[in-house]
1. Given the residues 67, 20, which is the only one that is in a helix (DSSP H, G or I) and touching a residue at least 24 places away in the same chain (Cβ under 8 Å)?
2. So for the range 157-173 (the condition being of a type in the set (A, V, I, L, M), modelled with pLDDT under 90, open to solvent by less than 60 Å² (accessible area, probe 1.4 Å) and not in a helix (DSSP H, G or I)), does at least one residue qualify?
3. Name the single residue that is nearest to residue 41 (Cα to Cα) among those in the range 54-63 being more than 8 Å from the chain's Cα centre (by Cα) and not aliphatic (A, V, I, L, M).
Amino acid sequence: MRFWFDSEHAQRWGLPAAAVFAHIQYWVERNGHETGRPCVTQPVWQMQSYLPFLSEKQIRAALKKLVEAEALTRERNGFDAVYTYCLKGANGVPKRETPIVQKGHQEMDKRDICTYRNNKTEEKTNAREWERPNEEEVIEYLQEIGGSDLAHTLGPAFFNYYEANGWMVNGTPIAKWRPKARQWLTTERNRQSNERQKGFNPKGFTPEGLKDFIDNG
């Protein structure tokens with residue numbers, strides 16, 4: 001299988017982001033703007049199936065970088081955890097041939113490249129100390145650790161709670177959010193189990209209800 005991307009994009013954003021951007025351009029072009037907008041709605045796991053040389057974590061980081069660089073916009077789809085990504089500005093008409101670059105735009109590209117290179121070391125330094133997931137990542141992680149039945153309610157609650165607090169605990173940035181998400185899932189499981197035990201009445205249980213109580217606590 002062959003893959004393509006713009007070399008200028010790779011210089012500006014790095015190879016993963018350039019590959020993800022080219023992937024989105026491809027699907028926008030293939031869909032022929034069926035919605036009238038240069039947008040694609042795809043979950044991260046599906047993007048990864050088309051880009052097997054990138055991990056889901058790399059794709060999420062690339063999407064975040066592209067949104068911050070204003071190459072893409074990210075939109076919610078109601079209560080759906082899957083985002084819609086749209087090409088922004090001049091990127092709205094994808095072309096595979098080498099574009100004609102105007103002088104002013106070329107200068108802007110050089111400035112962006114310098115900014116990217118200057119911030120690259122700082123981004124790597126802070127990456128482990130400051131992790132801010134999006135709502136989709138939280139839901140997917142809860143599903144991965146066995147919380148599929150609670151992910152779509154507990155995930156947004158977790159995300160909104162810490163988003164409102166600036167991802168801080170007692171004035172300290174959260175270094176790792178996954179252990180806290182796991183703790184939330186465990187707490188919710190224990191709460192549900194306690195409620196079931198408090199409400200247990202052998203006389204009022206049907207055989208099916210008793211079996212459910214024994215299986216799920």
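1. Details: 67 fails: touching a residue at least 24 places away in the same chain (Cβ under 8 Å).
Result: 20 is the single residue among 67, 20 that is in a helix (DSSP H, G or I) and touching a residue at least 24 places away in the same chain (Cβ under 8 Å).
2. yes
3. 56
The values are calculated or read from the model by the stated rules, or taken from the named source; none is laboratory data. These numbers come from a predicted model, not from an experiment. Positions of Cβ are generated from backbone atoms using ideal geometry, with glycine treated the same way; all protein chains shown enter the neighbour counts. Side chains are part of the model used for accessible areas, which takes the heavy atoms of the whole protein and leaves out ligands, DNA and RNA. Shrake-Rupley method; radii C 1.70, N 1.55, O 1.52, S 1.80 Å.
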